[in-house]
């Protein structure tokens, strides 16, 4: 995360990763304010030899995602919080990155966790199976909702 203000937004990423049994760690380092610390942190993770997917959470100019991506061989998922203050225009810093810098952008934190689980599941069959079950549950939710509303008028659907 770029700052401690991002923690509430990032919390839902952790909740979904827990459902999949994926180990994760929250860290705070600013690409603007503490770039050297950020680079040192990345170096530490890169040396670990672990399979890693970084999910970066930073708003405004979101230099965090690009800086992380430019300094790792691992996938980076940018998940910037939406800002009413800028009418969503700050998202462009996550979408328009220079050549050679390619973080994926997923706006929904739960979906960012799902994307990370899918990537990690490519080399982990048990995790891939959990992702498949999760997706099946989502499909069943839609089918159940359809059965509930089918043939009914809006006024009869109140819970």
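For the reader, a short list of remarks on this structure follows.
- Among the conditions (1) under 22 Å from residue 18 (Cα atoms); (2) out of contact with any strand residue (DSSP E or B) (no Cβ under 9 Å at 6 or more places or on another chain); (3) free of Cβ contacts under 8 Å to residues at least 40 places away in the same chain; (4) surrounded by 15 or more Cβ atoms within 10 Å (Cβ to Cβ), the only one that residue 139 does not satisfy is (4).
- Tally, over the stretch 99-123, of residues that are touching a residue at least 40 places away in the same chain (Cβ under 8 Å), out of contact with any strand residue (DSSP E or B) (no Cβ under 9 Å at 6 or more places or on another chain) and surrounded by 13 or more Cβ atoms within 10 Å (Cβ to Cβ): 4
- Annotation note: Cβ proximity below 6 Å between a residue of the stretch 70-87 that is farther than 22 Å from residue 110 by Cα and a residue that is modelled with pLDDT of 85 or more and part of a loop (DSSP other than H, G, I, E, B) (sequence gap 6+ or interchain) occurs for 70/101.
- Apart from one condition, residue 46 fits all of (1) exposed (fewer than 15 other Cβ atoms within 10 Å of the Cβ); (2) in a loop (DSSP other than H, G, I, E, B); the exception is (2).
- Checked against (1) farther than 26 Å from residue 78 by Cα; (2) assigned to a helix (DSSP H, G or I), residue 112 meets all criteria but (1).
- Matching residues in the stretch 88-98 - criterion: being touching a residue at least 12 places away in the same chain (Cβ under 8 Å) and either under 16 Å from residue 67 (Cβ atoms) or loosely packed, with under 14 Cβ neighbours inside 10 Å (or both): 93, 94, 97, 98
- Considering 52, 77, the condition of being assigned to a loop (DSSP other than H, G, I, E, B), surrounded by 12 or more Cβ atoms within 10 Å (Cβ to Cβ), in contact with a helix residue (DSSP H, G or I) (Cβ under 7 Å, 6 or more places away or on another chain) and at pLDDT 95 or above is satisfied by 52 alone.
- For the stretch 2-14, the criterion of being touching a residue at least 24 places away in the same chain (Cβ under 8 Å) and part of a loop (DSSP other than H, G, I, E, B) is met by at least one residue.
- Residue 64 vs. criteria at pLDDT 95 or above, within 21 Å of the chain's Cα centre (by Cα) and either in a helix (DSSP H, G or I) or loosely packed, with under 12 Cβ neighbours inside 10 Å (or both): yes
The values are calculated or read from the model by the stated rules, or taken from the named source; none is laboratory data. Everything numeric here is computed off the predicted structure, so don't read it as measured data. Reconstructed Cβ throughout: ideal geometry from the backbone, glycine too, with neighbour counts over all protein chains shown.
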